[in-house]
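The block underneath contains the structure these notes are about, expressed in structure tokens.
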Amino acid sequence: MSTLAESPHDNVTYTGLTERLVIDKLVSPSEATEIAELARSQSKTLVQELIDGNHIDTRVLARIVSEEYGIPLFNIGNMVQELFPTDLVPQSLIRKHNALPLFRRGNRLFVAISDPTNKPAIDEFKFATGIATDSVIVEHKHLLEIIDEVIAKQDPIFDGDISDYASAEDYIPDLEVEEQVEETDFTKLADDAPVVKFVNKVLFDAIKQGASDIHFEPYEREYRVRVRADGILQEVVRPPKGLAPRLAARLKVMARLDISERRAPQDGRIQLKLSKNRSVDFRVSTLPTLFGEKIVLRILDPGSARMGVDALGYDPEQKQLYLEALEKPQGMILVTGPTGSGKTVSLYTGLDILNEPERNISTAEDPVEINMEGINQVHVNPKVGLTFAQVLRSFLRQDPDVLMVGEIRDLETAEIAIKAAQTGHLVLSTVHTNSAPETINRLLNMGVPAYNIASSLTLIIAQRLARRLCKYCAEAEKNIPESALKELGFTEELLSTATIMKPVGCKQCRKGQSGRVGIYEVVKINKQIANSILSGANVFELERVMRDAGFFDLRSAALKKCADGIISLEEVSRVTVD
């Protein structure tokens, strides 16, 4: 059995596992060296980097790791999950290490892991249980799926009398048997038990399917409820039009808004406790329309800020650029894209990486979407003079290390943020533009001098969210002419390894799509780009310089995701422009 450095901090050359990968022709010698260097530079184990970077198939990796380390390889698909001794350790420990207790034999506990070099996992399980602990190898993807299933059963979303299987239509209150209630009787409107159950069911269903927004919409002759899942709005239920005042009142009570005020927009927040260990926040916005109040709820999932940079969908080179920019003590990182493109998650993920006791991190947001422990978050309020610029000025008097500005909207905010980036602070923010070159043009149009942009800007991330193909039912596209693919932008290099898939549809997905993945244009401001900014280059010239420097544009990044079988051709056209 070959030996491998067990800690990413050991200053040694990886030999055993990398040598095996080369011998089996799974990677080239140069790729093996690069992977080992990536792992060392990011303080990861080699197995972690192989998993996170999708360098080889996880099933193949599990087999090789099992053989190299002499640890049994398990298929846990046929095991009875209810018999797993998960009550011996807290869920947080299972999530932290992606390790799952499988069974206890005598005075030994056997734990499923995918990385045998993750010794802290075994040590912490042993400490938490007081039982001698052994490990078994399980394929990483399969292990994560089983962990999700086990924890979902232990910590169900649906508590009380809300059925997991009934639809929202089963909870629509019956107007015919209800007593008539005057709209001015606000207490009765809000506390109506059938209305409470119906609203709870709609919210729970939206959370379960991973929706980002819920729309309650009154019209002249009907009322409808829609949710946005995977970026697409879809109707879920049409309650009777007469329920509109009751539904609006109930939602406003939950958000602690003034239920008697129906002529002016209001903003609030709901925290919904789903179970003993889990709650979800909603940002609530009301708007008086022609036929009643439209109410939109944005679902704020704290877990999205801590899902890790590897889950966002960056290519390895792009991820490395982001991590390197976050490691710098000063400079500015700008994330750009339209509403709903995942900018907030990218920023929060970066803040989560930076969130350590030795750093003072402050954010100015409109509004604060996700509460993060250890970070000073301020909700700007222009009505009382608490603007982005005013908050930033205050931050600079509070000994900051890292600043996050929700959005740079005007010259005043831009100038203060750039000054902070130039004077020893790391600044993260967003700008509403479509691409990296347009971001620079936007700052120039605000009135920011070119020399300030060139000297302070470190990294630009332009991004979109594309619907991911369902892994259970996607099928290979056939008979697509190569000439047609080239017209879409595929290069010869991409076509040589392309596996183009199409959506089909099954019980596990929505019309062949399940979840979303990020499409990124990540541009490091190097000397060539900085010189182009200083020389007054326009958007097209900046775009050419960035491409010559080897940075993917959004279209190229989407085509690569398509060639890898992650998204469909139709999705490439939907989220990017040629």
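The values are calculated or read from the model by the stated rules, or taken from the named source; none is laboratory data. Here the structure is a predicted model, which means the values were calculated and not measured. Methodologically, a virtual Cβ is constructed for each residue, glycine included, from the backbone with ideal geometry; neighbour enumeration extends over all protein chains shown. Ligands, DNA and RNA are excluded from the accessible area calculation, which covers all protein heavy atoms including side chains. Shrake-Rupley method; radii C 1.70, N 1.55, O 1.52, S 1.80 Å.
Checked against (1) touching a strand residue (DSSP E or B) at 6+ places or on another chain (Cβ under 9 Å); (2) loosely packed, with under 15 Cβ neighbours inside 10 Å, GLU220 passes all but a single condition, namely (1). Would you check which residues across segment 471-486 are free of Cβ contacts under 8 Å to residues at least 60 places away in the same chain, in contact with a Pro (Cβ under 9 Å, 6 or more places away or on another chain) and outside any strand (DSSP E or B) and list them? CYS473, the sole residue that qualifies.
Here VAL345 meets each of (1) open to solvent by less than 30 Å² (accessible area, probe 1.4 Å); (2) within 14 Å of the chain's Cα centre (by Cα); (3) among the β-branched types (Val, Ile, Thr); (4) closer than 30 Å to ILE35 by Cα with one exception, condition (1).
Could you look through segment 522-541, keep only residues that are hydrophobic (A, V, I, L, M, F, W, C) and either touching a strand residue (DSSP E or B) at 6+ places or on another chain (Cβ under 9 Å) or in a loop (DSSP other than H, G, I, E, B) (or both), and pick out the one that is nearest to LYS319 (Cα to Cα)? Out of the qualifying residues, it is VAL522. Tell me, which residue of segment 524-557 that is of a type in the set (Lys, Arg) and either open to solvent by 60 Å² or more (accessible area, probe 1.4 Å) or within 28 Å of TYR451 (Cβ to Cβ) (or both) is farthest from the chain's Cα centre (by Cα)? This residue is LYS527. Beta carbons closer than 6 Å, at least 6 apart along the sequence or on distinct chains, pair a first residue in segment 296-313 that is under 24 Å from HIS140 (Cα atoms) and part of a helix (DSSP H, G or I) with a second that is of a type outside the set (A, V, I, L, M) and at pLDDT 70 or above for ALA305/TYR348; ALA305/ASP352; ARG306/ASP352; VAL309/LYS319; VAL309/THR349; ASP310/ASP52; LEU312/GLY518. Against the test of being touching a residue at least 12 places away in the same chain (Cβ under 8 Å), in contact with a strand residue (DSSP E or B) (Cβ under 6 Å, 6 or more places away or on another chain), assigned to a strand (DSSP E or B) and open to solvent by 40 Å² or more (accessible area, probe 1.4 Å), the options ARG464, ARG468 yield a single qualifying residue, ARG468.
Among the residues of segment 558-578, those that are part of a helix (DSSP H, G or I) and either open to solvent by 50 Å² or more (accessible area, probe 1.4 Å) or charged (D, E, K, R) (or both) comprise LYS560, LYS561, GLU570, GLU571, SER573, ARG574.
Each residue in segment 495-521 was checked for being touching a residue at least 40 places away in the same chain (Cβ under 8 Å) and either in a loop (DSSP other than H, G, I, E, B) or in contact with a Ser or Thr (Cβ under 9 Å, 6 or more places away or on another chain) (or both), and 12 pass. Counting only residues that are in a helix (DSSP H, G or I) and without any contact (Cβ under 8 Å) to a residue 24 or more places away in the chain, which one in segment 380-400 is most open to solvent (accessible area, probe 1.4 Å)? Only one residue tops the list, namely LYS383. Selection within segment 354-379: residues that are at pLDDT 90 or above and among the β-branched types (Val, Ile, Thr). The member of this set that is surrounded by the fewest Cβ atoms within 10 Å (Cβ to Cβ) is VAL378. Just a yes or no: is a residue in segment 401-423 basic (Lys, Arg) and either assigned to a loop (DSSP other than H, G, I, E, B) or surrounded by fewer than 17 Cβ atoms within 10 Å (Cβ to Cβ) (or both)? Yes, because at least one residue in segment 401-423 is basic (Lys, Arg) and either assigned to a loop (DSSP other than H, G, I, E, B) or surrounded by fewer than 17 Cβ atoms within 10 Å (Cβ to Cβ) (or both). In segment 269-295, the qualifying residues are those that are assigned to a loop (DSSP other than H, G, I, E, B) and at pLDDT 90 or above, and the one that is least open to solvent (accessible area, probe 1.4 Å) is PHE291.
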